[in-house]
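**Student:** Attaching a single structure in structure tokens format; questions to follow.
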Amino acid sequence: MKKWFLFLFLMPALLWAQKNTSGKPAKSVVTLTCYIYGLPPGVDSIMLYELNGLGNRAIASGGRQMPDSSFVLTVPASKSRIYGVGINELEATKVILGEEPQVKLYAQAQYMSLGRTTGSPINTANEKLQKQVAKLREEGGQLRAKMADKSAEKQIEALNAQKTKLIDSLKASNPLLARTASLLLFPDYSTAVKGYAGPSEFYGKEFFRYANLADPGMEGFPYVFEAFQQYAQILTNLRASKQEFDQWAQLQLAKIPQNSRTYRLALGGLVSGLKASNNPLYPDYSKKYMERYKNDSYGEIAQMDYEMKRAGTSTPGFEAPDLVGMTPDSQSYSLSKLRGKIVLIDFWASWCGPCRRENPNVVKNYNKYKDKGFDILGVSLDREPNAWKKAIKDDGLPWHHISDLKGWQSSHAALYSVTSIPQTVLVDKDGKILARNVRGEQLGEKLKELLGE
């Protein structure tokens with residue numbers, strides 16, 4: 001009896017201790033109920049992601065609930081934050097969670113980004129904002145296409161005022177949405193704008209005019225990544241030089257505390273935008289990112305390193321891996337010995353008809369540009385040394401040649417992911433890749449661009 005009485009006395013204290021180990025009331029949770037249609041067979045759970053740009057992190061999972069086949073995810077209540085929801089991070093849609101106890105999401109698995117919420121004023125407001133942003137950006141694109149038309153100047157000015165008005169109206173009512181709009185909207189350039197050499201300089205310096213990148217509220221804010229991604233793509237499309245891009249990008253990054261998650265999202269956005277637009281600065285910024293965050297990876301560093309190595313022999317701006325092989329007179333020769341020249345790496349073979357038919361064009365360009373700093377390294381996929389040597393003599397190929405005489409098992413071909421010939425790689429004076437598979441008239445045009453007539 002005494003034991004039973006003691007148990008009844010202690011039970012409330014035990015329950016309180018289970019709920020609270022910090023001396024404060026236990027935090028409540030936010031529940032997200034998802035109705036996802038068209039799921040692939042076998043998928044029985046969805047994930048909630050912390051959005052970190054290049055490396056999103058799964059923080060919760062939800063299994064299928066019966067009887068309505070919904071999925072339920074929970075997070076601690078907090079200030080509103082933007083999460084990703086989906087069967088994988090690549091197909092996740094953004095949802096704002098934190099302050100509303102119950103949120104419902106309806107989406108089609110193949111079109112997660114088009115998902116819609118119910119019972120959530122903040123998500124409904126964000127969905128409305130996204131439509132407004134899309135409309136304003138579309139109008140801006142149409143006006144920029146008419147930039148030469150003087151009548152478009154006042155329209156662009158009015159459109160920019162409309163964007164500012166929208167952002168200002170949100171600052172008081174909803175700071176989170178104001179930050180979103182300030183990042184997704186940017187001022188449009190017109191010929192009436194003074195003080196800039198052209199649109200590339202204007203966007204390079206003014207793209208983030210509406211956003212306060214030093215705002216503590218930008219910490220971990222996913223739209224920072226998207227904004228810098230678009231920034232990189234716009235400057236690439238406007239043909240900003242490498243020097244200009246680097247100067248303007250560093251100008252924007254300097255506005256952000258360097259040890260913040262905001263900085264990481266911004267730098268990651270630049271990497272993503274450069275990669276998507278095939279900008280030669282992609283490897284430089286990718287290396288900066290990997291070096292900076294190699295000891296604090298969200299899982300993206302290993303993936304980036306793999307992609308860099310895989311793309312290294314075909315992406316402009318990457319350093320061309322060195323090639324070392326045997327020459328026709330049984331000596332050793334390497335690509336690195338040609339550093340300081342524009343070099344065409346020419347993968348070919350004596351038995352390759354298209355290669356042999358292309359050789360006269362290569363000879364013509366070699367003779368035209370050899371005294372201007374152009375050279376060639378022929379890399380043969382032959383097996384028979386005599387056939388290789390005879391083809392060099394018969395076709396009059398006076399440049400450097402190497403081969404390991406292993407045919408399609410050539411280590412040289414494997415290093416450069418060569419699966420068919422002829423293939424060429426054009427390398428600059430610093431050993432970085434300029435272009436791949438330039439042949440015929442393209443080769444002459446490219447050499448003319450690089451070395452003149």
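**Student:** Look through Y231, Y223, Y196, Y210 and report the one residue that is buried (at least 18 other Cβ atoms within 10 Å of the Cβ) and either small (G, A, S) or over 26 Å from L90 (Cα atoms) (or both).
**Tutor:** So the residue among Y231, Y223, Y196, Y210 that is buried (at least 18 other Cβ atoms within 10 Å of the Cβ) and either small (G, A, S) or over 26 Å from L90 (Cα atoms) (or both) is Y210.
**Student:** A follow-up question, please. Condition (residue is crowded, with 20+ Cβ neighbours inside 10 Å, assigned to a loop (DSSP other than H, G, I, E, B) and in contact (Cβ under 8 Å) with a residue 24 or more places away in the chain) applied to the stretch 401-414: is it met by at least one residue?
**Tutor:** Yes.
**Student:** Specify the residue that is nearest to A266 (Cα to Cα); the eligible residues are those in the stretch 176-215 that are β-branched (V, I, T) and modelled with pLDDT under 95.
**Tutor:** Among residues in the stretch 176-215 that are β-branched (V, I, T) and modelled with pLDDT under 95, the one nearest to A266 (Cα to Cα) is V193.
**Student:** Among the candidates A276, A266, A254, which residue alone is at pLDDT 95 or above, within 17 Å of the chain's Cα centre (by Cα) and small (G, A, S)?
**Tutor:** Every option except A266 fails the conditions.
**Student:** Here are the criteria: (1) at pLDDT 90 or above; (2) crowded, with 16+ Cβ neighbours inside 10 Å. Tell me which single one A58 does not satisfy.
**Tutor:** With respect to (1) at pLDDT 90 or above; (2) crowded, with 16+ Cβ neighbours inside 10 Å, A58 is out only on (2).
**Student:** Look through the stretch 168-192, keep the residues that are surrounded by fewer than 18 Cβ atoms within 10 Å (Cβ to Cβ) and among the hydrophobic types (A, V, I, L, M, F, W, C), and return whichever of them is nearest to K128 (Cα to Cα).
**Tutor:** A172
**Student:** Hey, another quick one. Tell me, yes or no, whether the stretch 93-106 has at least one residue that is more than 30 Å from Y189 (Cβ to Cβ), surrounded by 12 or more Cβ atoms within 10 Å (Cβ to Cβ), in contact (Cβ under 8 Å) with a residue 12 or more places away in the chain and in contact with a Cys (Cβ under 6 Å, 6 or more places away or on another chain).
**Tutor:** yes
**Student:** Determine if the stretch 360-371 includes at least one residue that is in a helix (DSSP H, G or I), assigned by TED's automatic domain parsing to the domain that holds L426, among the acidic types (D, E) and over 14 Å from L443 (Cβ atoms).
**Tutor:** Within the stretch 360-371, one or more residues are in a helix (DSSP H, G or I), assigned by TED's automatic domain parsing to the domain that holds L426, among the acidic types (D, E) and over 14 Å from L443 (Cβ atoms).
**Student:** Now, a different point. Between Y298, Y289, which is under 13 Å from the mean Cα position of the chain (by Cα), of a type in the set (F, W, Y) and within 30 Å of I59 (Cβ to Cβ)?
**Tutor:** Of the residues listed, the single one that is under 13 Å from the mean Cα position of the chain (by Cα), of a type in the set (F, W, Y) and within 30 Å of I59 (Cβ to Cβ) is Y289.
**Student:** Another one. Going by the conditions given, is K205 within 26 Å of L170 (Cβ to Cβ) and in a loop (DSSP other than H, G, I, E, B)?
**Tutor:** No.
**Student:** Of the conditions (1) at pLDDT 95 or above; (2) assigned to a loop (DSSP other than H, G, I, E, B), V438 fails just one. Which one is it?
**Tutor:** All conditions pass for V438, except number (1).
**Student:** Pick from N123, N88: which is surrounded by 16 or more Cβ atoms within 10 Å (Cβ to Cβ) and among the polar types (S, T, N, Q)?
**Tutor:** N123
**Student:** Taking the condition in contact (Cβ under 8 Å) with a residue 24 or more places away in the chain, buried (at least 18 other Cβ atoms within 10 Å of the Cβ) and not assigned by TED's automatic domain parsing to the domain that holds L426, does G378 pass?
**Tutor:** no
**Student:** How many residues does the stretch 379-400 contain that are more than 11 Å from A349 (Cα to Cα) and either under 35 Å from the mean Cα position of the chain (by Cα) or assigned to a loop (DSSP other than H, G, I, E, B) (or both)?
**Tutor:** Count: 4.
The values are calculated or read from the model by the stated rules, or taken from the named source; none is laboratory data. Keep in mind the model is a prediction, meaning the values are calculated, not measured. Glycine gets a Cβ as well: all are built from the backbone with ideal geometry, and neighbour counts include every protein chain shown.
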